[in-house]
Amino acid sequence: MYDKFISDLPDTYEEFKASVHAILPTVYDTKRLCQEMKPALFRGNQDLLHFNSLDDLYFSLSSERALQSSLLAPNVVHSKRSSSYDRDQHWHEAGYDAFMTGFVFLRVLHLAAISGVSATDLQKVKFSRYLQVASPYKNRLHVARSSIFFCNLEGPDGHRQLNFFHISLRKGIHDTAFSQLSQLLSGFGAVESIQLDRRRALVVAGSGRCAEKLRLEVQDSEIFSLRSYWLFDSPFFRSAARWSGVVGLVLLATGYSYMKLR
């Protein structure tokens, strides 16, 4: 997008960050916000943010349970031109995605702002208070599949120790069960997965706590097994190993035939 609407890409990553920050001085990343603010919420509400996708977060935070936990939360009122948003879902339509993003942003900040406040002391929250709650997470952008935990537009990036796992279907489990992996991983936050084939995936956990939770969850699974990811698990390495084996057999057979001819 940068090279299409602004200019050619800068020569360095730091120059790119500085340029984006100059154009957009204040940015809030909804995904980053939800992941970082989860510990700040009342313990009973933390699982409302156990999702990665925007639509899942929207459904979770607009559920009846979320409404009961977010008294006096601001309401989003649609204009007449977009009144259908109250009745129907319009996934990937720019206006609807913007609505869901704004809704999630406000609802998460409201839950954090009233966390620990008793129902008898609860009052309407001013928008300035929401910005105060969000301030520590300003200009932190989510970065997927990277050793960078987040891109900080106004300072040093957050780095993390990545944990690599190999997840596969247990013996006797049909390939179709692999579709359940995304549901299994949806509750772990900072987790990315890359499917290796019909039965295996590389899973990357972005923190030690997340990695430990993943181990505990999968060890009792009747469908999936989990272990550390090894170099041999790479499709490229496996392919190279197979070809080297074939070449070795050909050379062995050639040598054997040559010895017999002699």
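Does the range 16-25 hold any residues that are surrounded by fewer than 18 Cβ atoms within 10 Å (Cβ to Cβ) and either of a type outside the set (Val, Ile, Thr) or under 17 Å from ALA98 (Cα atoms) (or both), and which are they?
Within the range 16-25, PHE16, ALA18, SER19, HIS21, ALA22, LEU24, PRO25 meet the criteria.
Against the condition open to solvent by 70 Å² or more (accessible area, probe 1.4 Å) and out of contact with any Leu (no Cβ under 6 Å at 6 or more places or on another chain), how does PRO10 come out, does it pass?
Against the criterion (open to solvent by 70 Å² or more (accessible area, probe 1.4 Å) and out of contact with any Leu (no Cβ under 6 Å at 6 or more places or on another chain)), PRO10 does not qualify.
Within the range 49-67, take every residue that is among the aliphatic types (A, V, I, L, M) and within 15 Å of the chain's Cα centre (by Cα) and give me the one that is most open to solvent (accessible area, probe 1.4 Å).
LEU54
Between a first residue in the range 1-14 that is over 19 Å from ASN152 (Cα atoms) and of a type outside the set (Ser, Thr, Tyr) and a second residue that is assigned to a loop (DSSP other than H, G, I, E, B) and open to solvent by 100 Å² or more (accessible area, probe 1.4 Å), which pairs have beta carbons less than 9 Å apart while being 6 or more apart in sequence or on different chains?
From the range 1-14, the pairs are ASP3/LEU9.
Let me spell it out: the conditions are (1) closer than 21 Å to GLN183 by Cβ; (2) more than 19 Å from the chain's Cα centre (by Cα); (3) of a type in the set (Val, Ile, Thr), and VAL104 meets all of them except one. Which number is the exception?
(2)
Residues are listed down the side, and each one gets a yes or a no for (1) open to solvent by 40 Å² or more (accessible area, probe 1.4 Å); (2) more than 17 Å from GLN35 (Cα to Cα); (3) assigned to a helix (DSSP H, G or I):
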{"residue": "GLN123", "(1), (2), (3)": "yes, yes, no"}
{"residue": "GLN132", "(1), (2), (3)": "yes, yes, yes"}
{"residue": "LEU141", "(1), (2), (3)": "yes, no, no"}
{"residue": "PHE149", "(1), (2), (3)": "yes, no, no"}
{"residue": "ILE167", "(1), (2), (3)": "no, yes, no"}
{"residue": "SER186", "(1), (2), (3)": "no, no, yes"}
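State which residue is modelled with the lowest pLDDT when the search covers only the range 92-117 and only residues that are part of a loop (DSSP other than H, G, I, E, B) and small (Gly, Ala, Ser).
Among residues in the range 92-117 that are part of a loop (DSSP other than H, G, I, E, B) and small (Gly, Ala, Ser), the one modelled with the lowest pLDDT is GLY116.
Please indicate, with yes or no, whether at least one residue in the range 106-114 is open to solvent by less than 30 Å² (accessible area, probe 1.4 Å), touching a residue at least 12 places away in the same chain (Cβ under 8 Å) and small (Gly, Ala, Ser).
Yes, the range 106-114 has at least one match.
The values are calculated or read from the model by the stated rules, or taken from the named source; none is laboratory data. Being a predicted model, the structure only gives us computed values, none of them experimental. Virtual Cβ from ideal backbone geometry, glycine too; neighbours counted across all protein chains shown. Areas reflect the complete protein model, heavy atoms only, side chains present, ligands, DNA and RNA absent. Shrake-Rupley method; radii C 1.70, N 1.55, O 1.52, S 1.80 Å.
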